[in-house]
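*Asks:* Sharing a structure with you now.
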Amino acid sequence: MGKVHIEVVAKHDKEGRIRPLSLQWEDGRKFPIDRVLDIRQAASLKAGLQGMRYTCRIAGKEVYLFCDAGKWFLEK
């Protein structure tokens, strides 16, 4: 168990909010984020780290996307 670091394109607004727009998987495939359902401070139970957790809908699936100190990852 652990985490997979990924590349994320995100929008940063003038109030400091960050909204992920798309992600790039390890193999180079890119996926648009259809919708951000929730944003909260939370721990990754599988990776054991604390950060911002974005609950996102990607290709019809609900996915937890984490940002910890500017580094983005998904749980493995």
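*Asks:* From the list 16, 70, 2, which residue is under 11 Å from the mean Cα position of the chain (by Cα) and not aromatic (Phe, Trp, Tyr)?
*Replies:* 70
*Asks:* Just need a number here: residues in segment 63-76 that are over 15 Å from residue 26 (Cβ atoms) and either open to solvent by less than 30 Å² (accessible area, probe 1.4 Å) or modelled with pLDDT under 90 (or both). I'd like the intermediate steps shown before the answer.
*Replies:* Here is the first cut: in segment 63-76, the ones over 15 Å from residue 26 (Cβ atoms) are 64, 66-70.
Okay, now just the ones that are also either open to solvent by less than 30 Å² (accessible area, probe 1.4 Å) or modelled with pLDDT under 90 (or both), so 66-70.
Within segment 63-76, residues that are over 15 Å from residue 26 (Cβ atoms) and either open to solvent by less than 30 Å² (accessible area, probe 1.4 Å) or modelled with pLDDT under 90 (or both) number 5.
*Asks:* I'm trying to understand the selection: among the residues of segment 36-51, which are within 15 Å of residue 21 (Cβ to Cβ) and either under 11 Å from the mean Cα position of the chain (by Cα) or modelled with pLDDT under 75 (or both)?
*Replies:* Across segment 36-51, the qualifying residues are 36, 39.
*Asks:* Among residues belonging to segment 1-15 that are part of a loop (DSSP other than H, G, I, E, B) and touching a residue at least 24 places away in the same chain (Cβ under 8 Å), point out the one that is most open to solvent (accessible area, probe 1.4 Å).
*Replies:* 1
*Asks:* Next question. For segment 37-47, state whether one or more residues are out of contact with any Lys or Arg (no Cβ under 8 Å at 6 or more places or on another chain) and in contact (Cβ under 8 Å) with a residue 40 or more places away in the chain.
*Replies:* no
*Asks:* Checking residue 63 against (1) within 10 Å of the chain's Cα centre (by Cα); (2) touching a residue at least 12 places away in the same chain (Cβ under 8 Å), which single condition isn't satisfied?
*Replies:* So residue 63 meets the others, but not (2).
*Asks:* Do we find a residue being surrounded by 11 or more Cβ atoms within 10 Å (Cβ to Cβ) and of a type in the set (Gly, Ala, Ser) anywhere in segment 16-30?
*Replies:* Taking every residue of segment 16-30 in turn, at least one turns out to be surrounded by 11 or more Cβ atoms within 10 Å (Cβ to Cβ) and of a type in the set (Gly, Ala, Ser).
*Asks:* So which of 51, 60 is out of contact with any strand residue (DSSP E or B) (no Cβ under 7 Å at 6 or more places or on another chain) and open to solvent by less than 70 Å² (accessible area, probe 1.4 Å)?
*Replies:* Within the list 51, 60, the selection yields 60.
The values are calculated or read from the model by the stated rules, or taken from the named source; none is laboratory data. If you're wondering where the values come from, they're calculated on a predicted model, not measured in any experiment. Ideal geometry is used to build each Cβ from the backbone, glycine not excepted, and the neighbour counts take in all protein chains shown. The protein model used for the area step is the full one, side chains on, heavy atoms only, and it has no ligands, DNA or RNA in it. Shrake-Rupley method; radii C 1.70, N 1.55, O 1.52, S 1.80 Å.
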